[in-house]
Amino acid sequence: MKGVGKSIAFRLIVAVLAVELASSLLVAVLSLGYERHIHFSSFDAVLRGHADSVLGAVQDADDVSDNVMLDKADVHVPDEDIYEVYDERERLLGRSANWPTAEARGLAAATPAQLAAEASDATSRLKIDGQHYRLILRHGTRIVDPGEPGGGTKHQITVLYGAPTERVWHAIDSAVAFYAAGSILLLAITGPLIAWLLHRGLLPLRQLAALAARISANDWQFDPPETARTTAELAPLTQALESALARLESAFVQQRTFVSDAAHELKTSVAVIKSSLQLLSLRPRTAAEWQAGLARCVADAERLEELVGKMLTLARVENGAANAAGSAMAGDIGTCLSRTASELDSVAALRGVRIVVDAPSMTIHVPIAAEDCSLLVSNLLLNALEHSPSGSTVWVGLEAKPDASPASVEFIVKDRGEGIDPAALPHIFDRFYRGDPSRTRSTGGAGLGLAIVKAIVDHASGSIHLASEPGKGTTATIRLPLCAQSAVEIAADSVASSV
């Protein structure tokens, strides 16, 4: 047997925690990008300030050519920073003591112009002895002897300034680590809280499952908690369970009733045969008496056989075996009606009853197998004949309605018998039900005919209705869906006949 799968609560908790973990990772990534942008923007501002400080240390060289020089005494920058200064003629004015050689930088050449080209995008990166530097290129102007005619001599000064980025990355890593630690801490706090909330939120579902698990064939008590009825997600499930259980209980009760009634009917029939045989053996009988007694026994055995046959028929129809096979086939109810009415003419004549059929001479297919279609018609006609007085008429009508929604056929059987007591009408389709038990042998039958009719109609998705008035007769109205092809053909015939 397969093991029990993971619970809904477990799946929800795992899903929520996975979303939280993904959110924490996203926060860490976003914080890394944000902190990098903020810290390096600040770092670039510091680099520009230090580069401007170096630019301010460029002074007049006090020579005849009005050149400039870098006075390192005026340079106040961190010792680990590097810088290089040159003029517009690419003449090196000065550089830091720790300025890297070409080999240390991994460059093929180390001319000022080339180095400046490397940093021509204002900022660039440089790796020296395994340590990363960030470089910035700053341009400025220095004027020698500004008081002289012509405004003095202008010199374009370029400063290439760099600083190690280790401290910046350390600050970034610390900030990201703080965000990550905060997210993990939040996950550790909210995880159990979410698990508890989900467990508590699913309590109505567990209560509903526990109540449903207690249901058995002997105990149909199912009283779901109010929370299950008022919760939007559980209300449809609760209603479906109640409806399904009500149908199951009704089916079990119906099955028990059927078994009980069937046992009673069979016991009665067997008792009748047994009493007839015992009666014959009480004293010596003549041949004529033995023959009459055996005839009664045969008649009782035939009634028993008929009862068993009807029970088997009802079981077959209710189980849907016939309609499962007949769902792909259809019966012609018009043909069934005319054939059955003709077959029952002799029965009607013996009772002094006349059958009048009012049906169109066309093929009318309904989703019922031909055998069950004949059973439906014969049971209704026999029931009408059995309850019709001599000299009366049983009227049978058939009308196709292809334009109805859905397309259907109406089958009506009307008798002028004693009618049905209004109190008996709600139970008339129950198995083994008889409105008058005194008619069991003469006209009452076994009480299965109308139950079989109802089962056939229900399996065809049709409807049946009985209207009766004591002393005036009964009318049975059956509506059955038309088969699609038959509906089209009947509609076409109606249009053609109206032209």
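So here's what we get for this one:
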item	result
Residue count, region 148-202 (criterion: among the charged types (D, E, K, R) and over 19 Å from HIS39 (Cβ atoms))	3
Yes/no for ALA404 being assigned to a helix (DSSP H, G or I) and under 28 Å from SER461 (Cβ atoms)	no
Flag if SER216 is part of a helix (DSSP H, G or I), open to solvent by 40 Å² or more (accessible area, probe 1.4 Å) and under 30 Å from THR313 (Cα atoms)	no
Hits in region 147-167 (condition: part of a loop (DSSP other than H, G, I, E, B) and either closer than 25 Å to TYR83 by Cβ or touching a Ser or Thr at 6+ places or on another chain (Cβ under 9 Å) (or both))	THR165
Selection from region 322-337 of residues that are surrounded by 14 or more Cβ atoms within 10 Å (Cβ to Cβ), out of contact with any strand residue (DSSP E or B) (no Cβ under 8 Å at 6 or more places or on another chain) and either of a type in the set (A, V, I, L, M, F, W, C) or at pLDDT 85 or above (or both)	ALA322, THR335, CYS336
Yes/no for LEU277 being under 30 Å from MET311 (Cβ atoms), of a type outside the set (Val, Ile, Thr), open to solvent by 50 Å² or more (accessible area, probe 1.4 Å) and without any contact (Cβ under 8 Å) to a residue 60 or more places away in the chain	yes
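For (1) surrounded by 15 or more Cβ atoms within 10 Å (Cβ to Cβ); (2) in contact with a Ser or Thr (Cβ under 9 Å, 6 or more places away or on another chain); (3) part of a helix (DSSP H, G or I); (4) not acidic (Asp, Glu), each residue gets a yes or a no:
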{"site": "LEU186", "(1), (2), (3), (4)": "no, yes, yes, yes"}
{"site": "ILE189", "(1), (2), (3), (4)": "no, no, yes, yes"}
{"site": "PRO192", "(1), (2), (3), (4)": "no, no, yes, yes"}
{"site": "ALA195", "(1), (2), (3), (4)": "yes, no, yes, yes"}
{"site": "HIS199", "(1), (2), (3), (4)": "yes, no, yes, yes"}
{"site": "PRO204", "(1), (2), (3), (4)": "yes, yes, yes, yes"}
{"site": "GLU233", "(1), (2), (3), (4)": "no, no, no, no"}
{"site": "GLN239", "(1), (2), (3), (4)": "no, no, yes, yes"}
{"site": "LEU245", "(1), (2), (3), (4)": "yes, no, yes, yes"}
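Table: residues versus (1) over 27 Å from LEU448 (Cα atoms); (2) open to solvent by 50 Å² or more (accessible area, probe 1.4 Å); (3) assigned to a loop (DSSP other than H, G, I, E, B).
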site: ARG256; (1), (2), (3): no, yes, no
site: SER269; (1), (2), (3): no, no, no
site: VAL272; (1), (2), (3): no, no, no
site: TRP290; (1), (2), (3): yes, yes, no
site: ALA301; (1), (2), (3): no, no, no
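The values are calculated or read from the model by the stated rules, or taken from the named source; none is laboratory data. The structure presented is a predicted model; accordingly, all values stated were derived computationally and were not measured. Every residue, glycine as well, gets a Cβ built from its backbone with ideal geometry; the counts of neighbours run over all protein chains shown. Side chains included, ligands, DNA and RNA excluded: accessible areas come from the protein's heavy atoms. Shrake-Rupley method; radii C 1.70, N 1.55, O 1.52, S 1.80 Å.
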